[in-house]
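The values are calculated or read from the model by the stated rules, or taken from the named source; none is laboratory data. The structure presented is a predicted model; accordingly, all values stated were derived computationally and were not measured. Note that each Cβ is placed from the backbone with ideal geometry, even for glycine, and that neighbours are counted across all protein chains shown. All accessible areas refer to the heavy atoms of the entire protein, side chains included, with ligands and DNA or RNA removed. Shrake-Rupley method; radii C 1.70, N 1.55, O 1.52, S 1.80 Å.
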Amino acid sequence: MQLYVDSANINEIRHAASLGVIHGVTTNPSLLAKEDPNVDVKQRILEIYQTVGGHLSVEVISTDTAGMLKEAEGILSWFPEATIKIPMIEAGLSAVKELSRQNIPTNVTLIFSPTQALAANNAGASYVSVFLGRLDDLAQDGVQVVEEVCEIWDRHGLESQIIAASIRHPMHILQCAKAGADIATVPYKTLIQSLKHPLTDSGLQSFLKDYEKMQAEKAKLLGNV
Ligand code: G3P
């Protein structure tokens, strides 16, 4: 399962990219709004793409098909490699159908049920983003929805890539990988948490301490000769 970072913060994205563990980035209007309000969105998107390459989803904010298509055209004029992120509403499905006809990659976002995911796939989505954390917030089982989507994809050989989104903690990453999601898009903090284990840190400290001890003993022996 590939990992993307779900962020619009260039420092976080640079650090995640430097670790070699991410294959793409997803952004959304809320993540961009968390940044400096003066941020130049186009410049930020291009900077992110130069940093990571791979997949970069850029979300439209129109809620009608014509508006979404116009926005997509605008985005592609300055960033031809963009994956256009479209909300899972009826107008969005029509936009996905048209963009897919033009071979433009799309990521259908705000998916909360297997039937929504199936419809997005059938409309021609390249990626379907299933939001599990927000389901958990409502005491619904987000991981179970990802599992059901993966099961349907396996059974029918469906082609769009399943992105597990709205990831809240490392256990979500593990559960989505086991379920068979193609990608998990993970907030920076959770990505870093998922790399850590206290036994790694204490183990490294022991190795270093033992090595120092060995060096000191060697030096002592040499001194005695
Ligand atoms: O890409 C957006 C998605 O991952 C949302 O996450 O934490 O706002 O539910 P969250």
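Of all lysines in the structure, the ones whose alpha carbon falls short of 28 Å from that of residue 220, not counting any fewer than 8 places away in one chain, are 209.
Expressed as a whole percent, the accessible surface of the chain that belongs to carbon and sulfur atoms is 53, based on a 1.4 Å probe. Debye-formula intensities of the stretch 122-225, expressed as log10 I(q)/I(0) at q = 0.10, 0.12, 0.14, 0.16 Å⁻¹, are -0.46, -0.54, -0.64, -0.75 (one equal scatterer per alpha-carbon, no solvent). Scaling the Cα radius of gyration of the stretch 1-132 by the globular reference 2.2 N^0.38 Å produces a ratio of 1.02.
Working from Cα pairs under 8 Å separated by at least six residues, relative contact order for the stretch 130-200 is 31 percent.
Take the Cα of residue 18, go 7 Å toward its beta carbon, and the backbone nitrogen atoms of the stretch 32-76 under 19 Å from that spot belong to 47-53.
Compute the signed sum of charges (Lys and Arg +1, Asp and Glu -1) over the other residues within less than 15 Å, Cβ to Cβ, of residue 175.
Around residue 175, the surrounding residues sum to -4.
Computed with the Debye formula from one identical point scatterer per Cα of the chain, without solvent, the log10 of I(q)/I(0) at q = 0.11, 0.14, 0.17 Å⁻¹ comes to -0.57, -0.86, -1.21.
Any chance you could tell me what percent of the C-alpha pair distances in the stretch 70-184 go past 24 Å? Every Cα pair in the stretch 70-184 considered, those over 24 Å come to 25 percent. Surface analysis of the chain yields an accessible area of 55 Å² per residue, using protein heavy atoms and a 1.4 Å probe. For the pair the stretch 150-171 / the stretch 115-134, the C-alpha centres are spaced 9 Å from each other.
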